[in-house]
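Structure, as structure tokens:
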Amino acid sequence: MPTQQHLQPSARQLDTVLEQLTHALASNAPDDAAALFADDSYWRDLVMFTWNLRTMEGRDQIRDMLTQQEQAAMSAKFERDSAEPVSDDGQGLVEGWFRVETDVARGYGHVRLKNGRIWTFLTTMSELKGHEEPLGVRRPMGAEHGIRRGRQTWQERRQQEQAELGTSEQPYVLVIGGGQGGIALGARLRQLNVPTLIIDQHARPGDSWRKRYKSLCLHDPVWYDHLPYMPFPENWPVFAPKDKIGDWLEMYVKIMELNYWSSTVCKKVSYDESSKTWEVQIERDGKPMTLRPQQLVFATGMSGKANVPSMKGQDVFKGEQQHSSQHPGPEAYAGKKVVVIGANNSAHDICAALWEAGADVTMVQRSSTHIVRSDSLMEIGLGDLYSERALASGVSTRKADLLFASLPYRIMADFQIPVYDKIRERDADFYNKLEAAGFMLDWGDDGSGLFMKYLRRASGYYIDVGACELIIDGSIKLKSRTDISHLSEDAVVLTDGTELPADLVVYATGYGSMNGWVADLAGQEMADRVGKCWGLGSETIKDPGPWEGEQRNMWKPTQQPNLWFHGGNLHQSRHYSQYLALQLKARQAGLPVQVYGTQEVHHLR
């Protein structure tokens, strides 16, 4: 390890700033600590200091957090990770990695200095002291060597746990929803020794994927989609089909020894203020049961609460009607006329599969859609973080997750706009042809493209894997710049007077907020207490202000005690499950949890 005098100047500069920050906090001098930050600075904290997911913007917010979180701040020690290089662009921007430790936890972080002051600062909790995961040198022995009477085998202990949890022993955490989010969180909690039960209405783990439309596959690449502890094999396809993902999830549940009840429907939940526990009425294999966990997690997915529009004439239409989540596949519709209402991912996938099966299919586009070609997204949008190229340059999945997290949402669009400008230039001919076919394109309200649309509203885009060419050449018929007037007995009638004969209408109209599940199971009052899930408050389409700075209600404390939400894509299920699991473990272990900045409710749905 080089001595201080042999360090590169940027490493010495970073060491000095981290030492000054440690000293200021230890001295309970939040003003001095805040002075180390630039005027336009951002401290994004994932649980380490705030017991929350929170971004402090500017010195005043940083000072306020450090003042209120005095106990954690005063014990904090920051140290640069000497195993990681410090980058210096030669124009005043220095980047590096550091370790951080408080009285109760260890963490990791990333910092960007601009002209000597902290510009962006990421702190993430990695583990709780005294409650470390049994990894590496702490891994369990497995086989119990020696001889003694009455001992149980690993399998016998596992069978006893499965027989008791949920019956004679109550879970500390109940997770409603057994898709990728629920099982990723379940795996994290199991490693932290938190008694956890996952329930899901389907017959088998993975059915939430298997039972979707035939052509469904991941549009994100494999490097982006690993689950905790068990990355996909190196020969796993770049874009996994739905049934392959379903089988992987089922295998994961078994290998990670998760307590998972399939064929289990949640009927009603209520919270007992006096005991601080939930009463959850379920039906398992047709039999009623009651569970009483202390913590309740809705892992029902961002694409779980189907949004089915109400339209005049739906009761008189004689053909089939189905939401995209209910669409079984194209086989039964060869030679039939199908109208798909919507123009985002599911709409494109379903239209393309129907065309392949010989259906006469029309897409009705009522609002503009952002389109990005898959190969361009892979190369330009994701290649530096999630690809073989990234791995070869030393960017592991964990490092990629942290780099992505290190950009505060307030300024993330500034980094995304040049990426999508480059994509727009590269694929200009493709976009010209698509617009010539009548397709309404957009690039987000500010030109920042797919990721910001996803974070702001989780809708309004399609990653093109071929369907756009069918729109360009007319194989998929397109009606845009219009809306639905009503349904007749045998057609969809548009506001411009066009009648689209239909045997099937597919509503590819997206999904509602996750607190809609709370309304269904616990009542509208509790759902309104929690408020809308997802979005940043960016004051863009479908993401009303005020500015939140983090995803509304996701992976963090809500206004309803002991109620949590866990959702998103595979990347988010992997990354944020760690922080949610640590918050739940801290409460189970009785640690002194002091939440800073619990989110206010501005929108109900």
Inter-residue pairs, beta-carbon under 9 Å, first acidic (Asp, Glu) and in the stretch 358-378, second in a strand (DSSP E or B), 6+ apart: ASP360/LYS337; ASP360/VAL338; ASP360/LYS477; ASP360/PRO501
Qualifying residue in the stretch 473-485 (condition: open to solvent by less than 20 Å² (accessible area, probe 1.4 Å) and in a strand (DSSP E or B)): no
Some residue of the stretch 277-294 being small (Gly, Ala, Ser), part of a strand (DSSP E or B) and out of contact with any Asp or Glu (no Cβ under 8 Å at 6 or more places or on another chain): no
Output for the stretch 579-605, where each listed residue is open to solvent by 50 Å² or more (accessible area, probe 1.4 Å) and part of a helix (DSSP H, G or I): ARG587, GLN588
Filter pass, ASP384 being outside any helix (DSSP H, G or I), over 26 Å from the mean Cα position of the chain (by Cα) and surrounded by fewer than 20 Cβ atoms within 10 Å (Cβ to Cβ): no
Any hit, the stretch 501-514, residues being part of a strand (DSSP E or B) and more than 35 Å from the chain's Cα centre (by Cα): yes
Count of residues meeting criterion [over 20 Å from the mean Cα position of the chain (by Cα) and open to solvent by 40 Å² or more (accessible area, probe 1.4 Å)] in the stretch 207-224: 3
Test: residue in the stretch 445-457 that is in contact with a His (Cβ under 9 Å, 6 or more places away or on another chain) and within 14 Å of VAL364 (Cα to Cα): no
Inter-residue pairs, beta-carbon under 7 Å, first more than 23 Å from LEU494 (Cβ to Cβ) and in the stretch 323-348, second of a type in the set (Asp, Glu) and open to solvent by 40 Å² or more (accessible area, probe 1.4 Å), 6+ apart: PRO330/GLU356
Candidates GLY166, GLY178 - the one that is touching a strand residue (DSSP E or B) at 6+ places or on another chain (Cβ under 6 Å), under 14 Å from VAL297 (Cα atoms), surrounded by 20 or more Cβ atoms within 10 Å (Cβ to Cβ) and not β-branched (Val, Ile, Thr): GLY178
Lone qualifier among ARG158, ARG138 - being of a type outside the set (A, V, I, L, M, F, W, C), free of Cβ contacts under 8 Å to residues at least 60 places away in the same chain and farther than 18 Å from GLN201 by Cα: ARG138
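Rundown of residues vs (1) modelled with pLDDT of 95 or more; (2) in a helix (DSSP H, G or I); (3) open to solvent by 10 Å² or more (accessible area, probe 1.4 Å), yes/no style:
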{"site": "MET526", "(1), (2), (3)": "yes, yes, yes"}
{"site": "SER538", "(1), (2), (3)": "yes, no, yes"}
{"site": "GLN551", "(1), (2), (3)": "yes, no, no"}
{"site": "PRO561", "(1), (2), (3)": "yes, no, yes"}
{"site": "SER577", "(1), (2), (3)": "yes, yes, no"}
VAL94 vs. criteria farther than 26 Å from GLU132 by Cβ and open to solvent by less than 20 Å² (accessible area, probe 1.4 Å): yes
Selected residue (criterion: most open to solvent (accessible area, probe 1.4 Å)) from residues of the stretch 389-446 that are touching a helix residue (DSSP H, G or I) at 6+ places or on another chain (Cβ under 8 Å), outside any helix (DSSP H, G or I) and farther than 23 Å from HIS348 by Cβ: ASP446
Some residue of the stretch 69-84 being basic (Lys, Arg) and closer than 19 Å to ALA405 by Cα: yes
Leading residue by the ranking (nearest to the chain's Cα centre (by Cα)) among those in the stretch 113-128 that are open to solvent by 20 Å² or more (accessible area, probe 1.4 Å) and within 23 Å of ASP401 (Cα to Cα): SER126
Scope the stretch 541-561; condition of a type in the set (Lys, Arg), in contact (Cβ under 8 Å) with a residue 60 or more places away in the chain and under 21 Å from THR124 (Cβ atoms); matching residues: LYS556
The stretch 514-524, subset surrounded by fewer than 22 Cβ atoms within 10 Å (Cβ to Cβ) and among the hydrophobic types (A, V, I, L, M, F, W, C), residue farthest from GLN559 (Cα to Cα): LEU521
Residue in the stretch 470-488 that is basic (Lys, Arg), out of contact with any strand residue (DSSP E or B) (no Cβ under 9 Å at 6 or more places or on another chain) and more than 22 Å from ILE541 (Cβ to Cβ) present: no
Filtered residues of the stretch 351-381 (kept if open to solvent by 10 Å² or more (accessible area, probe 1.4 Å) and of a type in the set (S, T, N, Q)): THR362, SER367, SER368, SER374
Complete set of residues in the stretch 502-558 that are among the acidic types (Asp, Glu) and in contact with a helix residue (DSSP H, G or I) (Cβ under 6 Å, 6 or more places away or on another chain): ASP543
Residue in the stretch 44-60 that is in a strand (DSSP E or B) and β-branched (Val, Ile, Thr) present: yes
Residues of the stretch 319-377 that turn out to be closer than 25 Å to PHE239 by Cβ, part of a helix (DSSP H, G or I) and among the aliphatic types (A, V, I, L, M), as a count: 6
Pairs with Cβ under 9 Å, 6+ apart, first in the stretch 233-253 and farther than 22 Å from VAL465 by Cα and open to solvent by 10 Å² or more (accessible area, probe 1.4 Å), second modelled with pLDDT of 95 or more and part of a helix (DSSP H, G or I): VAL253/ILE183; VAL253/GLY186; VAL253/ALA187
Residues that are surrounded by 23 or more Cβ atoms within 10 Å (Cβ to Cβ), in contact (Cβ under 8 Å) with a residue 60 or more places away in the chain and aliphatic (A, V, I, L, M), drawn from the stretch 22-47: LEU46, VAL47
Among the candidates LEU291, LEU227, residue that is modelled with pLDDT of 95 or more, open to solvent by less than 40 Å² (accessible area, probe 1.4 Å), within 20 Å of the chain's Cα centre (by Cα) and more than 30 Å from TRP355 (Cα to Cα): LEU227
Hits in the stretch 257-274 - residues which are closer than 16 Å to ASP285 by Cβ and open to solvent by 30 Å² or more (accessible area, probe 1.4 Å): TYR260, SER262, SER263, VAL265, LYS267
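The values are calculated or read from the model by the stated rules, or taken from the named source; none is laboratory data. A quick note: this is a predicted structure, and the numbers were derived from the prediction, not measured. FYI the Cβ positions are ideal-geometry reconstructions off the backbone, even for glycines, and counts take in every protein chain you see. Surface areas here come from the heavy atoms of the whole protein model, side chains and all, with no ligands, DNA or RNA. Shrake-Rupley method; radii C 1.70, N 1.55, O 1.52, S 1.80 Å.
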